[in-house]
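Some notes on the structure that comes next.
We did not get these values from a lab; they are worked out from the coordinates using the rules stated. The structure displayed is predicted, hence computed values, not measured ones. So basically every Cβ, Gly included, is an ideal-geometry build from the backbone, and we count neighbours across all protein chains shown.
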Amino acid sequence: FQHTFQLMGNPPKEQILMVGDTAASDILGGHNVGIDTCWLQHPGVELPEDIKPTYQINQLVELEAILGL
């Protein structure tokens, strides 16, 4: 994550949203570096109860509302 932040010019963490479909690397990884996370739910894939994303969506188009687009 830190390398990616550097490539992005180190924006404020409040401006970053990690969107992913892998709980351990995407969601937990985002939490570990202090950014908001968004779980992309796939049918039949459950998010572990101990991992809590900031947002949860079923389709990428739902990001428009989260991002205010």
Select from Leu28, Gln15, Ala65 the residue farthest towards the positive end of the dipole of the chain; place +1 on Cβ of Lys and Arg, -1 on Cβ of Asp and Glu, and compute about the Cα centre.
Gln15
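Quick one: putting +1 on the C-beta of Lys and Arg, -1 on the C-beta of Asp and Glu, what dipole do you get for the chain around its Cα centre, in Debye to the nearest 20?
Rounded to the nearest 20 debye, it is 220 debye.
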Over the chain, calculate the relative contact order: mean separation of alpha carbon pairs under 8 Å at least 6 apart, over the residue count, as a percent.
25
Starting with the highest mean, order 3-13, 56-66, 36-46, 20-30 by the number of other Cβ atoms within 10 Å, averaged over the residues of each peptide.
20-30, 36-46, 56-66, 3-13
